[in-house]
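The values are calculated or read from the model by the stated rules, or taken from the named source; none is laboratory data. Here the structure is a predicted model, which is why all the values come from computation and not from measurement. Cβ placement follows ideal geometry from the backbone for every residue including glycine, while neighbour counts extend to all protein chains displayed.
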Amino acid sequence: MKVKAAILAIGNEILEGSIVDSNSSFLASNISRLGVTVTSVQAVPDDFNEIVKAFDYYMETSDFVLTTGGLGPTFDDLTAEAAAQVTGVKTVFNEEVFAHIRKKLTSRNVAIKESHKRQAMLPEGCEIYNNPVGTAYGFSIKKHGAYLFAMPGIPYEMEAIFRMHIFPFLKEMFKLNEYFSSEMVFSGIPESDVDDAMNEIGIPSDVKCIINVSKGDIIVRLRSWKNDSLQQFSNLLRKKLDRNFVGYGRSGVETRLFSALKERGLTLATAESCTGGLIAKKMTDISGSSDVFLGSIVSYSNNIKEKLLGIKKSVLENHGAVSSETAEAMAENIRNISGADVGIGVTGIAGPSGGSPEKPVGTVYIAVTIKDKVKVEHFVFTGDRETVRERSAKRAIIIAEREVLAIR
């Protein structure tokens, strides 16, 4: 049975580009894992007639519709009213929902207003879904044999309701099974080289592949109904591109470095210039990072490099702030200052200004010191400021992991 679905993101802020619609991406990714065909992803304005028209059309042409947004207490939150209009019922005040809203707001010391009652007005006869992390309940209602599922627009609230209530319902209602999937992340390699490697191995006919590029990473998404085929191809691809393999799924390079350090009982500190603390941020995003990460100095100016990191003035004057000598001194000095086993130093030109013919925008020097060993590498990264910083941070972490793993 082929199951079709539409996803609607409600809100003028999406159409105006004020926010990025991450909700639709999350929902499409999750229902696609069940083999559901997503026929449309559409942004709908905060206009009652437009919302009604979209609901009516997609409930007639789909097996189910997922909507986000428009469930708040303000005048432009119209999802419940539109759903009631489409299904020919009225909105009614739900005591359970309002009790939940009152409890949540009271716990935050927010005064209850008459407008909050509006949030508890839902289509008569709808199924309601508790929101464990916010005030707006989700709900579902049926017409044309199709279901409409309404969820709040705040991503973490939407995700909680979807995972707790809607995803299990869909699996049971439509007798759906999840296909096997794997997300492989590679770094420091062109997309075309990854494509060549996949074609050289030979993509099995029962494995679907998608290649995406994100801030210097190459993401290969694999899916199949046959786990053996998927795992065999995944293992061959990893073996072929092992030097550039970062990890699976959301397990980034920082997770691998964290594991390598922890397994060897080593600690890390960083001295960052062009990356502005991004390496430290990535490491401290990991729960338990204090076991291995001691701290960081963001030495953006030469003055701070001298005063806090102890970089000799002669090094900065003779070689420049962006040089292998400065990167090495940054890594060595942060290691000595912090008492860490491993030091990382990064300095470069993220752009868009500041480059020269000798040192163009994207020039970055990365140094890693461990005991008496020093490794310095030079790169010229392409991309905008954010991309150069992201690539620099990831490359520094990859180099550090490689050096840590080389310890005997």
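Here are a few things to note about the model shown:
- Pairs with Cβ under 6 Å, 6+ apart, first in segment 46-57 and on the phi < 0 side of the Ramachandran plot and among the β-branched types (Val, Ile, Thr), second surrounded by 15 or more Cβ atoms within 10 Å (Cβ to Cβ) and modelled with pLDDT of 95 or more: Ile51/Val44; Ile51/Leu78; Ile51/Ala82; Val52/Ala82; Val52/Gln85; Val52/Val86
- Flag if Asp196 is acidic (Asp, Glu), more than 22 Å from the chain's Cα centre (by Cα), part of a loop (DSSP other than H, G, I, E, B) and not assigned by TED's automatic domain parsing to the domain that holds Asp384: no
- Residues that are more than 24 Å from the chain's Cα centre (by Cα) and either surrounded by fewer than 15 Cβ atoms within 10 Å (Cβ to Cβ) or part of a helix (DSSP H, G or I) (or both), drawn from segment 283-294: Asp291
- Cβ-Cβ contacts under 7 Å between residues 6 or more apart (or on different chains), taken from a first residue in segment 94-113 that is within 16 Å of Asn131 (Cα to Cα) to a second residue that is modelled with pLDDT under 95 and part of a helix (DSSP H, G or I), are listed as Phe98/Lys117; Ile101/His116; Leu105/His116.
- Applying the criterion of at least 3 residues that are over 21 Å from Met59 (Cβ atoms) to the helices (runs of 4 or more DSSP H) found wholly in segment 87-181 leaves 95-107, 115-118, 155-161.
- When residues of segment 75-93 are limited to those that are hydroxyl-bearing (Ser, Thr, Tyr) and over 30 Å from the mean Cα position of the chain (by Cα), the one nearest to Asn131 (Cα to Cα): Thr91
- Residue check for Gly355: free of Cβ contacts under 8 Å to residues at least 40 places away in the same chain, of a type outside the set (Phe, Trp, Tyr) and crowded, with 19+ Cβ neighbours inside 10 Å: no
- Residues of segment 354-395 that turn out to be within 20 Å of Leu316 (Cβ to Cβ) and among the small types (Gly, Ala, Ser), as a count: 5
- Enumeration of residues in segment 233-248 that are within 15 Å of Leu405 (Cα to Cα) and of a type in the set (A, V, I, L, M): Val246
- Of the residues in segment 85-92, at least one is modelled with pLDDT of 95 or more and within 25 Å of Glu13 (Cα to Cα).
- The residues listed here are Val322, Val315; of these, the one that is assigned by TED's automatic domain parsing to the domain that holds Ala393, of a type in the set (Val, Ile, Thr), at pLDDT 95 or above and assigned to a loop (DSSP other than H, G, I, E, B) is Val322.
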